[in-house]
1. Return a yes/no flag: does the stretch 373-381 have any residue that is surrounded by fewer than 16 Cβ atoms within 10 Å (Cβ to Cβ), among the small types (Gly, Ala, Ser) and in contact with a Phe, Trp or Tyr (Cβ under 9 Å, 6 or more places away or on another chain).
2. If I ask for residues that are open to solvent by less than 20 Å² (accessible area, probe 1.4 Å), more than 16 Å from TYR276 (Cβ to Cβ) and not small (Gly, Ala, Ser), which ones from the stretch 289-300 would you list?
3. Within the bounds of the stretch 331-342, is there any residue that is within 17 Å of VAL286 (Cβ to Cβ) and charged (D, E, K, R)?
4. Examine the stretch 236-255 for a residue that is small (Gly, Ala, Ser) and either surrounded by fewer than 17 Cβ atoms within 10 Å (Cβ to Cβ) or under 23 Å from ASP332 (Cβ atoms) (or both), and state whether such a residue exists.
5. Of everything in the stretch 109-124, what is touching a His at 6+ places or on another chain (Cβ under 6 Å) and among the β-branched types (Val, Ile, Thr)? Give them in sequence order.
6. May I ask you to list the residues in the stretch 420-442 that are over 20 Å from ALA365 (Cβ atoms) and either more than 40 Å from the chain's Cα centre (by Cα) or at pLDDT below 90 (or both)?
7. Among the residues of the stretch 311-318, is any over 18 Å from VAL388 (Cβ atoms), outside any loop (DSSP other than H, G, I, E, B) and of a type in the set (D, E, K, R)?
8. Could you look through the stretch 459-506, keep only residues that are under 39 Å from the mean Cα position of the chain (by Cα) and either modelled with pLDDT of 75 or more or among the aromatic types (Phe, Trp, Tyr) (or both), and pick out the one that is most open to solvent (accessible area, probe 1.4 Å)?
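The values are calculated or read from the model by the stated rules, or taken from the named source; none is laboratory data. Treat the numbers as computed from the prediction; the structure is a model and nothing was measured. Note that each Cβ is placed from the backbone with ideal geometry, even for glycine, and that neighbours are counted across all protein chains shown. These accessible areas exclude ligands, DNA and RNA; they are computed on the full protein's heavy atoms, side chains included. Shrake-Rupley method; radii C 1.70, N 1.55, O 1.52, S 1.80 Å.
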Amino acid sequence: MPSISPADLLACSGRCFTKRDLRLLHAALLRRRHILPAADAVAVLAKLLRFAAVSPAGDLRHASVLLSLHLPFISAAASHLAFFYNTLIRGFAVSSSPSAGIELFTAMRRAGAAPDAFTFTFVLKSCSRCHSPGRLPSDLHAQAFKHGCLSARSEHVHVHNALLHAYASRSAVDDAHRVFDEMPVRDVVSFSGLLTAHLKNNQLDSARMVFDQMPHRDVVSWTAMISAYARASRPQDALALFDAMPVQPDEVTMVSVVSACTALGDLATGERLRLYVDSNGFGWMVSLRNALMDMYAKCGCLPEARELFDGMAIRSLASWNTLILAYASHGDEESTIALFHQMLAHDNSVKPDGVTLLAVLTMYAHKGCVEEGRTVFDAMQRGDYGKVELTVEHYGCMVDLLSRAGHLEEAYKMIEQMSIPSNDVVWGVLLGACRMHGNIDMAEKAVQKLRILNPHEGGYYILLIDMYTAAGRTAEAMEVRRTMNKTRAKKTTGWSCPTTVCLPQQ
């Protein structure tokens with residue numbers, strides 16, 4: 001490569017396939033640009049920039065260096081400067097830094113380069129993927145109109161579509177509708193943009209009207225509508241639409257449909273979907289098997305959920321959590337803890353997170369396993385499980401565990417020394433344990449905290465009144481009653497429900 005001739009440099013630049021090729025060819029260009037015809041040097045730069053910015057094997061950082069380093073030469077020698085900006089903006093638009101595409105467009109305008117239709121297509125795509133309060137679609141809308149890129153000519157349809165999707169990404173339904181109504185030609189991309197705008201605003205009935213009017217509906221359109229119904233707790237509509245689906249569903253479709261079955265508790269349809277999954281080659285998909293496990297668990301079929309879990313060649317954190325939460329929610333303490341230890345012993349690639357550990361601590365609290373709970377909690381604090389954020393729920397489980405076992409002083413100190421603010425729920429757990437163990441002194445401390453955190457809740461006062469009364473301390477009971485009446489605290493109405501383990505959903 002170092003001995004490449006100027007004549008061969010142009011041909012070699014078209015065969016740039018790796019970052020090493022890019023570096024070598026760029027170095028050769030830097031040494032020989034002064035002896036190359038200007039047109040050939042521009043062509044080499046165009047090919048190298050295209051590879052660096054757009055190719056999956058490229059390098060956006062090197063692409064940025066290419067453009068900034070050679071911009072003075074390109075500006076003097078190239079007849080269409082926008083092409084070079086467009087190429088790099090296009091790369092940023094699909095990267096993890098779409099805002100850089102908007103910044104480059106701003107730099108392009110400051111440099112006096114005239115944007116074209118491709119420029120606006122790519123920068124609007126960047127805008128769709130960037131939700132910072134920077135450049136808004138309306139700003140780009142005005143500029144695209146000013147430069148004649150929103151005319152009635154058919155070649156500008158992609159600009160209209162990009163603008164429509166940019167408005168849709170910001171949930172600007174009225175603006176998206178206006179662009180849609182003004183479009184000279186509409187295609188499936190146009191309808192998809194309008195559909196997205198309504199779905200992002202949770203306007204499901206309006207979205208369904210757009211969906212029904214679409215001249216062509218691909219799997220993305222069907223899946224978007226089905227998923228929206230499932231998320232909006234309209235599982236019947238999701239399943240009905242799935243049954244009418246004429247195209248092959250994908251993984252996202254199937255996960256949404258299984259979630260709809262879970263919400264309905266429709267085990268029969270769920271079983272039918274599992275057969276469909278296995279017979280159509282979806283069975284290897286981890287997220288789909290997780291959804292099926294969750295469906296079985298919530299329908300009370302834990303053996304079937306475990307069978308799916310045991311048959312997985314690859315398990316994600318969600319796989320472990322789905323089954324651990326299933327056992328915990330059904331009060332199966334032994335299986336919850338056994339599966340947790342299996343996770344630690346057999347899957348070094350996956351570490352428990354806050355959800356996993358909350359389920360385990362809850363089970364330890366129910367079993368009264370104080371030492372085991374302390375071990376897990378201490379390991380969380382040391383970071384043995386990786387970066388796990390301690391939440392008030394984790395502290396609440398430990399306070400419950402210690403309090404049930406009669407370690408009220410330790411529970412009190414734990415609340416006082418929490419690394420995050422405590423709340424009335426944690427102090428309420430301690431107060432309940434004080435009643436269980438007849439510790440009035442600690443109950444008084446807990447109520448003092450609760451009067452600050454939730455002064456209008458009368459249940460705490462009533463519990464302390466009952467404790468005073470049971471101990472024959474009627475004067476204190478009457479004083480608490482007067483304080484309760486003075487603050488106008490009311491006891492929250494209780495509701496009767498089956499005892500379950502309440503854990504956050506993933």
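1. Among the residues of the stretch 373-381, at least one is surrounded by fewer than 16 Cβ atoms within 10 Å (Cβ to Cβ), among the small types (Gly, Ala, Ser) and in contact with a Phe, Trp or Tyr (Cβ under 9 Å, 6 or more places away or on another chain), which makes the answer yes.
2. ASN290, MET293
3. For the stretch 331-342, residues within 17 Å of VAL286 (Cβ to Cβ) and charged (D, E, K, R): absent.
4. The initial filter retains those residues of the stretch 236-255 that are small (Gly, Ala, Ser), namely 238, 240, 244.
Next, from what is left, pick out any that are either surrounded by fewer than 17 Cβ atoms within 10 Å (Cβ to Cβ) or under 23 Å from ASP332 (Cβ atoms) (or both): 240, 244.
Checked the stretch 236-255: at least one residue is small (Gly, Ala, Ser) and either surrounded by fewer than 17 Cβ atoms within 10 Å (Cβ to Cβ) or under 23 Å from ASP332 (Cβ atoms) (or both).
5. Correct list: THR121 only.
6. Scanning the stretch 420-442 gives GLY438, ILE440, ASP441.
7. No, that holds for no residue.
8. We begin by selecting, within the stretch 459-506, every residue under 39 Å from the mean Cα position of the chain (by Cα); these are 459-460, 491-506.
Remaining after also requiring either modelled with pLDDT of 75 or more or among the aromatic types (Phe, Trp, Tyr) (or both): 459-460, 495.
Details: GLY459: 18, TYR460: 42, TRP495: 226 Å².
Checking each candidate, the answer is TRP495.
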